[in-house]
Amino acid sequence: MTIPFNRPTPFGSELEYIKQAIESTHLSGDGFFTKKCHAWIEEHVGCKKALLTHSCTAALEMAAILANIGVGDEVIMPSYTFVSTANAFVLRGGIPVFVDIRPDTLNIDENKIETCITEKTKAIVVVHYAGVVCEMDSILAIAKKYDLIVIEDAAQAIYSKYKGKPAGSFGHMAAFSFHETKNLISGEGGALVLNDSSLIERAEIIREKGTNRSKFFRGQVDKYTWVDLGSSYLPGEITAAFLFAQLENAKAITEKRLQVWNSYHKSFEELETKGITKRPVIPQNCEHNAHMYYFIFPSLDLRQNFINQMKSEGIHCVFHYIPLHSSPAGKQFGRTGSPMTNTDRISNTLVRLPIFCDLLASESSLIINKTIHFLEG
Ligand SMILES: *Cc1c(COP(=O)(O)O)cnc(C)c1O
């Protein structure tokens with residue numbers, strides 16, 4: 001038996017909706033299923049506007065244009081994140097300023113943000129790692145004090161909450177991912193959500209190649225033309241049809257992941273008590289979406305031995321980000337705003353276990369047994 005790290009699968013009416021999309025003869029973007037997805041996201045995230053994109057990367061690129069990031073503008077963000085968090089801003093000439101993460105949630109350390117702010121700072125990009133929302137109250141207060149734009153990279157955080165409010169509802173903008181490695185999927189896919197209604201009209205233009213085509217389709221102008229910067233950021237209807245079937249089942253999918261997460265968490269409690277590993281920390285004020293289950297080991301060697309041993313048993317466990325501040329492009333385009341102590345340590349010692357919604361009970365018990373056997377041995 002082999003257990004992959006992730007096994008993306010349809011959950012409900014994906015095939016039926018794709019058939020409907022094909023039969024509707026509207027295969028390009030912004031048709032029936034895209035509108036259904038927009039309505040779902042607007043209702044569940046509680047944002048002013050949702051716009052599907054072909055990836056979270058695309059949504060972040062749109063956010064960088066909407067934030068008017070230009071050459072030399074500084075954007076504060078964690079180093080412990082995916083490349084797109086930074087790249088979207090570098091494409092506009094922005095400079096990522098990397099801040100260390102907290103040792104508990106592995107989210108940006110809100111107490112280290114303020115000292116990184118300069119005359120050039122334009123925005124703060126937060127990443128809700130593993131679907132655990134950042135300390136948004138403090139971050140929003142800092143942003144308000146210095147008049148900065150807040151963008152949530154909520155790629156991993158659909159259906160998560162902080163103090164009862166959904167991820168994606170805190171910043172001026174937020175970006176979600178529906179890549180097959182995330183909780184709700186469409187192969188490749190994403191969404192930009194806007195909480196500031198003054199950004200909506202320009203966002204629609206940027207997403208439609210810099211044209212006012214959305215206005216044209218609504219009958220608000222009689223022809224459409226090139227009016228601003230833009231690109232093609234929208235997905236086709238087949239992707240939206242798949243995604244809508246997933247969104248409809250968001251609660252059930254999240255509950256299934258939480259079941260796996262909770263069974264891991266309970267089973268590994270003793271390993272933590274004995275000081276062998278550290279388990280994820282979920283703050284009291286956060287409802288997470290079980291995007292990820294990880295361990296933090298005392299050393300890089302133990303982590304590597306664990307990954308190799310599990311691999312030899314057919315179980316695929318993986319580490320995570322190479323910090324952006326130590327990557328070749330990160331060194332070229334960004335700078336560090338604080339010592340990277342936690343980032344460097346976590347990057348070397350974190351390992352992720354397989355978690356997906358149809359992971360069988362027999363598979364999760366095998367993973368648990370092999371893990372305990374290796375770590376107690
Ligand atoms: C997955 C991910 C992305 C990129 O998402 P895509 O949809 O693949 O573009 C960006 N940021 C974070 C934090 C992610 O986990």
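The values are calculated or read from the model by the stated rules, or taken from the named source; none is laboratory data. Keep in mind that this is a model prediction, so the values were computed, not measured. Here the Cβ is made from the backbone with ideal geometry for all residues, glycine too, and neighbour counts use every protein chain on show.
Numbers at a glance
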{"read-out": "From the options Met1, Met62, residue that is within 16 Å of the ligand (Cβ to nearest atom) and out of contact with any His (no Cβ under 7 Å at 6 or more places or on another chain)", "value": "Met62"}
{"read-out": "Counted residues, segment 71-103 - those being among the aromatic types (Phe, Trp, Tyr), under 16 Å from Pro323 (Cβ atoms) and crowded, with 24+ Cβ neighbours inside 10 Å", "value": "2"}
{"read-out": "Contacts under 7 angstrom Cβ, first residue in segment 61-78 being touching a residue at least 24 places away in the same chain (Cβ under 8 Å), partner buried (at least 24 other Cβ atoms within 10 Å of the Cβ) and charged (D, E, K, R), 6 or more apart", "value": "Met62/Arg207"}
{"read-out": "Cross-chain or 6+ apart pairs with Cβ under 6 Å, segment 213-234 first and free of Cβ contacts under 8 Å to residues at least 12 places away in the same chain, then buried (at least 16 other Cβ atoms within 10 Å of the Cβ) and assigned to a helix (DSSP H, G or I)", "value": "Val221/Lys215"}
{"read-out": "Yes/no for Val125 being within 26 Å of Lys331 (Cβ to Cβ) and within 16 Å of the ligand (Cβ to nearest atom)", "value": "yes"}
{"read-out": "Residues being more than 9 Å from the ligand (Cβ to nearest atom) and in a helix (DSSP H, G or I) - total across segment 71-87", "value": "2"}
{"read-out": "Test: residue in segment 22-32 that is modelled with pLDDT of 95 or more, among the polar types (S, T, N, Q) and part of a helix (DSSP H, G or I)", "value": "no"}
{"read-out": "Answer from Leu51, Leu106 - the residue that is of a type outside the set (Ser, Thr, Tyr), crowded, with 24+ Cβ neighbours inside 10 Å and part of a loop (DSSP other than H, G, I, E, B)", "value": "Leu106"}
{"read-out": "Flag for Met310 being touching a residue at least 60 places away in the same chain (Cβ under 8 Å), buried (at least 19 other Cβ atoms within 10 Å of the Cβ), of a type in the set (A, V, I, L, M, F, W, C) and touching a Pro at 6+ places or on another chain (Cβ under 9 Å)", "value": "no"}
{"read-out": "Filter pass, Lys161 being at pLDDT 95 or above, of a type in the set (Lys, Arg) and within 18 Å of the chain's Cα centre (by Cα)", "value": "yes"}
{"read-out": "Residue that is surrounded by the most Cβ atoms within 10 Å (Cβ to Cβ), among those in segment 8-43 that are more than 14 Å from Leu184 (Cβ to Cβ) and touching a strand residue (DSSP E or B) at 6+ places or on another chain (Cβ under 7 Å)", "value": "Thr34"}
{"read-out": "Subset of segment 183-193 that is buried (at least 24 other Cβ atoms within 10 Å of the Cβ) and near the ligand (Cβ under 8 Å from one of its atoms) - its residue that is farthest from the chain's Cα centre (by Cα)", "value": "Gly189"}
{"read-out": "Complete set of residues in segment 171-182 that are crowded, with 24+ Cβ neighbours inside 10 Å and more than 9 Å from the ligand (Cβ to nearest atom)", "value": "Gly171, Met173, Ala174"}
{"read-out": "Any hit, segment 33-45, residues being more than 19 Å from the chain's Cα centre (by Cα) and part of a loop (DSSP other than H, G, I, E, B)", "value": "no"}
{"read-out": "Residue that is in contact with a Pro (Cβ under 9 Å, 6 or more places away or on another chain), closer than 14 Å to Glu14 by Cβ and either crowded, with 19+ Cβ neighbours inside 10 Å or acidic (Asp, Glu) (or both), where the choices are Ala241, Ala245", "value": "Ala245"}
